[in-house]
1. In this structure, does A25 turn out to be surrounded by 10 or more Cβ atoms within 10 Å (Cβ to Cβ), modelled with pLDDT of 95 or more and not aromatic (F, W, Y)?
2. Please enumerate the residues belonging to region 68-125 that are in a helix (DSSP H, G or I), at pLDDT below 90 and open to solvent by 100 Å² or more (accessible area, probe 1.4 Å).
Amino acid sequence: MRKPEDNDFASRRNAAAKAKAAQLAAHRAAKAAAEPTRVERQEERIGIAAARDLRRAERDQAKQEEQARVKADELREQAEVIAAANAEADARETALNDRVSRVFEDEAVRKAQRDQRYADRKSRK
């Protein structure tokens, strides 16, 4: 006959239950001991997260300002290019109008000279 305490399986099961209970008690004791520092660590983490969010917002704002500056520079450069193109077109148009008016004036002078020669020939006859 066996004694119930000599039962290997039952003793192992009891030892495991006692060990589990001891671990649970140790965990609860450690959790209770760490409670004051947990609040401090949580507040520190919240402060770090707020500072991180603030830095991210500053970076985003700086990035948006840089993009706005670059866009303004591009628009200014485009306006300068358009103004230069318009000035060049105006200069070409003015030059063309000057040439056309000189051609008309020259033709008018030649026609007047031709008419004068014709009138001179008529008067000689």
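The values are calculated or read from the model by the stated rules, or taken from the named source; none is laboratory data. Note that the structure is predicted; figures quoted are calculated from it, not measured. As a convention, Cβ positions derive from the backbone with ideal geometry for all residues, glycine included, and neighbour counts pool all protein chains shown. Quick note on the areas: whole protein, heavy atoms, side chains included, nothing else; ligands and nucleic acids left out. Shrake-Rupley method; radii C 1.70, N 1.55, O 1.52, S 1.80 Å.
1. No: the conditions fail for A25.
2. Correct list: R121, K122, R124.
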